[in-house]
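The structure under discussion appears below in the form of structure tokens.
The values are calculated or read from the model by the stated rules, or taken from the named source; none is laboratory data. What you are looking at is a predicted structure, and each value in this text was computed from that prediction instead of being measured. All accessible areas refer to the heavy atoms of the entire protein, side chains included, with ligands and DNA or RNA removed. Shrake-Rupley method; radii C 1.70, N 1.55, O 1.52, S 1.80 Å.
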Amino acid sequence: LPVAPSGASLGQALEILNAGKLGCVCVLDSRGRLLGLLTDGDVRRLVCAGRLDMEAVVDECMTANPLHATPGQKAAEVLDVMEAKAITVLPVVGEDRVLAGMVHMHDVLGQGRVKFSRS
């Protein structure tokens, strides 16, 4: 999973973002709890605003307390959230906010191989 520790530089987080190929980086505290999410969109907005500072702390650039899914949550519910908010990736966290995984819209939709039955 693309994760960066709280306090990492934006430059470090961008390297992880680029290598992760999910379009986001989860920012975690020392206990593995989700603090925030840095997305491709966040970076684009920084660039457009002329505020891209590779030495900035990622915590200052991320979306704090992002939307997330929970273990055992139904795929249809996760898809509803993703569609309603126009997002393609959701972190999965337990009650203690420890990162358990990531759900990409392609995971829910079968990686582009959605098939509809003929009735």
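The table for this structure:
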| item | result |
| --- | --- |
| Computed lengthening from ALA19 to VAL98, 0.36 nm per intervening residue step minus Cα-Cα distance | 26.2 nm |
| Share of pairwise Cα separations in the chain, more than 17 Å, in percent | 57 percent |
| Probe 1.4 Å, all protein chains present, accessible-area order of ARG45, ARG31, largest first | ARG31, ARG45 |
| Value at 222 nm in deg cm²/dmol, rounded to 500, when DSSP H runs of n ≥ 4 in the chain each add -39,500 (n - 2.57) | -8500 deg cm²/dmol |
